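*Asks:* Dropping the structure in here first, questions after.
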């Protein structure tokens, strides 16, 4: 037997050392990071300035005055309260509804597949457009929802135009738009769960409630956490629905972070205050994301350990 | 062009023959209306070009930022004449009003040279001017080498013209000697009453003559008409735009102010005086009793369309909103009428606050002289007359246009009472706000407070005291109070 020595093509002259290679490979990510970090750091700088576009001569560093003034400003505390309330309410309700719908559609069938696709339609609607649709549907003069409300005795239900029902109305729109997002994530999770535990439980005649709380729910938790994280981050930054329906009103009922920051920048041209509000919103989302990701990682580790 | 026709058109352009005489004369010469219009355009272009070098910037291109509006449509319809006159090219972007001002702020705050000129309101220039984003147009208006001799700056309605001029000092009087002309008025809106004649007749009510009458009339209309029709449409969204139309027009008629200016130039809130509180109480009562149920979401759009659709009996808003609702395919087209409104029974005439669609020049424009050529043409008497007679350019800002017989006849024919309404309130029409850079902060908060009072979240007295306290705090923080 003759040994055949393959002639490998000679490597080109330029070689990257093993030490440098990881840095080179991460360069594209670094460039993307710079694209994100520059505006972020600019915002941080602005947030420490007294900076109104209409008073350029008065621009100067005030080193945290924007933040300090928030502590004594009832409007800020109202913004924080409304933002958290809105995010908490929408996420909890969407999670419950999304899970219920996903459970109903869990079994694969042509009808269930069709319904699940149909239920995704609101998610394909731009939130601002959805808000305008709902604005028409809740019009007290000709809105179909106002008509339906009148049939159950709510003759003068004022939807988004009353401070007592404005939050309820925008939450309703948010639920209509985003419940399908949670539903589709949980449905994918449900359909990918291993079948053996459920078959064993069925053989043993375990009650359905026990199966749900002790088998389905724990196995579905990573999916629930993922869906909750995405929705919570989105919901606390809500702008389109609230601004399109109420512009933050009536009064200060719905002046969530994004609406307040938008008005501060585009109407009042108060860049410093607007940036400070956005940095606080960033800090809240960062904090919430950390909690969720840590829990998600813990659950994943536990799942691996069990495997 | 035949000499006789040419002479007649020249006589018209010199003001020796009125418009009716011109048309009669051209008709006698056997010219159809279309041909007469073309000849007139040619004559105007020739007359414009006669005493001024309109071709000085030939071959240049300028770019405009426009709001989707009938005034912009009128300008676009006449743009070819400008291009022929100057040899310049004009390109433009048109945005809907919802996003228009955000686009302007974004472009200007980024010092973008993309747009040379743009549509704006006078209130906006209180931000744009001090920020250094727009140019003081006096430099061009007062330069005979750059402005055509027929521009007739004095032809502009004085209250409107001075409303676009401010010296940049917070609290400084509009139109003062040292004022900078931040923008050129293009067309404006007085805030008066537009009402549904049929509904008024059915309820047996007349046009309200003061604030108390407006409250009772609106309530009676709502009660008597029925069918879900409400008495009066006014704006209510959480925005500065809720304050400036009917609300401030009536408020100013009672001699109430938004802010006071001290001798040393410091500003202070003036919304919590006894007179202001009494007025607010009446306004709030009117909305609670006879306003739309979802008033707090109402912008000009809902106010107008409800009137046009017959869902409201009257509006106290921009007169041109009533104008547009009386035409087109609106259900109530041809059934609306107009009246000036004097809220204060002791006042002699109405004092409407005004919104002025204006043209401003970007400070970042690469060719300001060329841009000025466009601005002086677009705000000139010829284009003003074209817009007013051929398009929907109401309310024009030039006195000569208001004197034009054809224009008045057009209004009298299809918009009964509009001219009388205009004549009755034009003298008192001006911006009633105090010019200062926190305009949008303060008016948005004012609107939010109104919403709280209408929703009975806070009593009027308490709400206004809190508002004044908050505004004084903001003024102080900004170094203005």
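*Asks:* Mean separation of Cα pairs under 8 Å and 6+ residues apart, divided by the residue count of region A:187-307: what relative contact order is that in percent? Don't skip to the end; give the middle numbers.
*Replies:* On the way: 63 pairs, mean separation 25.2, N = 121.
It rounds to 21 percent for region A:187-307.
*Asks:* Here's another thing I want to ask about it. For region B:102-205, treating each Cα as an identical point scatterer without solvent, what Debye log10 I(q)/I(0) comes out at q = 0.12 1/Å?
*Replies:* Normalising to I(0) and taking log10 leaves -0.53.
*Asks:* Compute the distance in nm between two label points, each set 7 Å from the Cα along the Cα-to-Cβ direction, one at residue A:214 and one at residue A:283.
*Replies:* 4.6 nm
*Asks:* Using 7 Å Cα-to-Cβ label points, what is the residue B:462/residue B:201 separation (nm, one decimal)?
*Replies:* Placing both labels 7 Å beyond Cα along the Cβ direction yields 4.8 nm.
*Asks:* Tell me, A:263, A:132 in order of fewest to most beta-carbon neighbours within 10 Å? Walk me through the numbers on the way to the answer.
*Replies:* Values: A:263 22, A:132 14.
Ordered from fewest to most neighbouring Cβ atoms within 10 Å, A:263, A:132 come out as A:132, A:263.
*Asks:* In whole angstrom, how long is each semi-axis of the equivalent ellipsoid of region B:339-443, when you take the square root of 5 times every eigenvalue of its Cα gyration tensor and sort them from largest down?
*Replies:* Working: eigenvalues 158, 116, 18 Å².
Semi-axes (√(5λ), whole Å): 28, 24, 9.
*Asks:* Here's another thing I want to ask about it. Nearest 10 degrees is fine. How inclined is helix B:97-109 to the longest principal axis of chain B, computing both from alpha carbons?
*Replies:* 70 degrees
*Asks:* With only alpha-carbon atoms counted, please give the Rg and Dmax of the protein assembly as shown, in Å.
*Replies:* 31.7, 121
*Asks:* Something else now. Can you compute the radius of gyration and Dmax for region B:296-400, using only the Cα atoms, both in Å?
*Replies:* Every Cα atom of region B:296-400 included, Rg and Dmax give 17.7, 52 Å.
*Asks:* Related question: Given region A:204-307 reduced to its alpha-carbon atoms as identical point scatterers, what log10 I(q)/I(0) does the Debye formula return at q = 0.13, 0.22, 0.25 Å⁻¹?
*Replies:* Normalising to I(0) and taking log10 leaves -0.66, -1.11, -1.26.
*Asks:* Same structure, new question: What span do the alpha-carbon atoms of region B:46-137 cover on each of the three principal axes, reported in whole Å from largest to smallest?
*Replies:* Sorted from largest, the Cα extents of region B:46-137 read 39, 26, 21 Å.
*Asks:* With labels modelled as points extended 7 Å from the Cα through the Cβ direction, what inter-label distance (nm, one decimal) is found for residue B:406 paired with residue B:309?
*Replies:* 3.7 nm
*Asks:* Which percentage, to the nearest 5, of the DSSP beta bridges contained in the protein assembly as shown is antiparallel? The partial results should precede the final answer.
*Replies:* Numbers: 31 of 43 bridges.
That works out to approximately 70 percent antiparallel.
*Asks:* Report, in whole Å, the centroid distance computed from the Cα atoms of region B:315-342 and region B:391-454.
*Replies:* 13 Å
*Asks:* With angles folded into 0 to 90 degrees, how steeply does helix B:3-13 sit against the dominant principal axis of chain B? Use alpha carbons for both and round to 10.
*Replies:* Taking the Cα atoms of chain B, the angle to B:3-13 is about 30 degrees.
*Asks:* Taking 8 Å as the Cα distance limit and 6 or more residues as the minimum spacing, I'd like the relative contact order of region A:49-306 as a percentage.
*Replies:* On the way: 281 pairs, mean separation 70.9, N = 258.
Here the relative contact order equals 27 percent.
*Asks:* Another question about this same structure. For helix B:368-378, what angle does its Cα long axis make with the longest principal axis of chain B, in degrees from 0 to 90 and rounded to 10?
*Replies:* Helix B:368-378 and the main axis of chain B meet at about 80 degrees.
*Asks:* How many angstrom separate the Cα center of region A:254-298 from the Cα center of region B:246-302?
*Replies:* So the separation of the two Cα centres works out to 33 Å.
*Asks:* Counting only other chains, what is the mean number of Cβ atoms within 10 angstrom of the Cβ of each residue in peptide A:218-230? It would help to have the intermediate numbers written out before the result.
*Replies:* Working: counts 0, 0, 0, 0, 0, 0, 0, 0, 0, 0, 0, 0, 0.
Average per residue, whole number: 0.
*Asks:* Between region A:73-92 and region B:45-111, how far is it from one alpha carbon centroid to the other, in angstrom?
*Replies:* Taking the Cα centre of region B:45-111 as reference, the centre of region A:73-92 is 45 Å away.
*Asks:* List B:54, B:186 from most exposed to least, where exposure is judged by having the fewest other Cβ atoms within 10 Å. List each step's numbers first, then the result.
*Replies:* Values: B:54 21, B:186 27.
The fewest-first ordering by Cβ neighbours comes to B:54, B:186.
*Asks:* While we're looking at this one, here's another question. In the calculated pair distance distribution of region B:246-313, what percentage of Cα-Cα distances lie above 13 Å?
*Replies:* On the way: 1642 of 2278 pairs.
When every Cα pair of region B:246-313 is considered, 72 percent fall beyond 13 Å.
*Asks:* Taking N as the number of residues in region A:47-108, what is its Cα Rg relative to 2.2 N^0.38 Å? List each step's numbers first, then the result.
*Replies:* Details: Rg = 21.3 Å, N = 62, 2.2 N^0.38 = 10.6 Å.
With N residues counted in region A:47-108, Rg over 2.2 N^0.38 Å equals 2.02.
*Asks:* What is the Cα radius of gyration of chain A over 2.2 N^0.38 Å, N being its residue count? Don't skip to the end; give the middle numbers.
*Replies:* Values: Rg = 26.1 Å, N = 307, 2.2 N^0.38 = 19.4 Å.
Expressed relative to 2.2 N^0.38 Å, the Cα Rg reads 1.34.
*Asks:* Below 8 Å between Cα atoms, with a sequence gap of 6+, how large is the relative contact order for chain B in percent? List each step's numbers first, then the result.
*Replies:* Working: 877 pairs, mean separation 108.2, N = 481.
Reported relative contact order: 22 percent.
*Asks:* Right, here's the next one. Quick one: A:257, B:386, fewest Cβ neighbours within 10 Å first, how do they rank?
*Replies:* Details: A:257 26, B:386 22.
Final ranking by Cβ density, sparse to dense: B:386, A:257.
*Asks:* Extent of chain B along each principal axis, from alpha carbon coordinates, in Å, largest to smallest?
*Replies:* 72, 55, 36
*Asks:* Please give the calculated 222 nm ellipticity per residue for the protein assembly as shown, where each DSSP H segment of at least 4 residues contributes -39500 (n - 2.57) and the sum is spread over every residue; nearest 500 deg cm²/dmol?
*Replies:* Only helices count here, giving -17000 deg cm²/dmol.
Readers should treat all values here as calculations from the given coordinates under stated rules, not as data from a laboratory. None of these values were measured; they are calculated from a predicted model. All Cβ positions, even for glycine, are placed from backbone atoms using ideal geometry, and neighbour counts span all protein chains on display.
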